[in-house]
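Since the structure comes first, as structure tokens, the remarks are kept for the end.
The values are calculated or read from the model by the stated rules, or taken from the named source; none is laboratory data. From a predicted model like this one, the values you see are computed outputs, not experimental measurements. Cβ coordinates were reconstructed from backbone atoms using ideal geometry, including for glycine residues, and neighbour counts include every protein chain displayed.
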Amino acid sequence: MKQTFTPNDMVAYLYGESTPAQTEATEAALAADPVLRGELAALTQAQAAVPKVRFNARRRLLNVVRNYAFGPDLQLSV
């Protein structure tokens, strides 16, 4: 039975988020299927084109969010 790969499967493989079994199956399919290799190459190029973004929130803002999350308003009443 031939396994099909969805775009989500390929993205998970690209980002190293697939399981070892999925990785093994993907690599076997890539070795045998030039069309799939082309799709992976296109995804790799798209990944490289995405700008790198860093999130630098101010410590005060992080403290406000943390305090709200642990505050009494969100605790369950028993």
**Asked** If you scan the range 36-67, which residues turn out to be within 22 Å of L14 (Cβ to Cβ), part of a helix (DSSP H, G or I) and basic (K, R)?
**Response** R37
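Take the residues in the range 13-22 that are more than 16 Å from A41 (Cα to Cα) and either in a helix (DSSP H, G or I) or modelled with pLDDT of 95 or more (or both); name whichever of them is farthest from the chain's Cα centre (by Cα). Give the derivation first.
First pass over the range 13-22, keeping only residues more than 16 Å from A41 (Cα to Cα): 17-22.
Next, only the ones that are either in a helix (DSSP H, G or I) or modelled with pLDDT of 95 or more (or both) stay: 20-22.
Numbers: P20: 15, A21: 17, Q22: 15 Å.
Within the range 13-22, the match that is farthest from the chain's Cα centre (by Cα) is A21.
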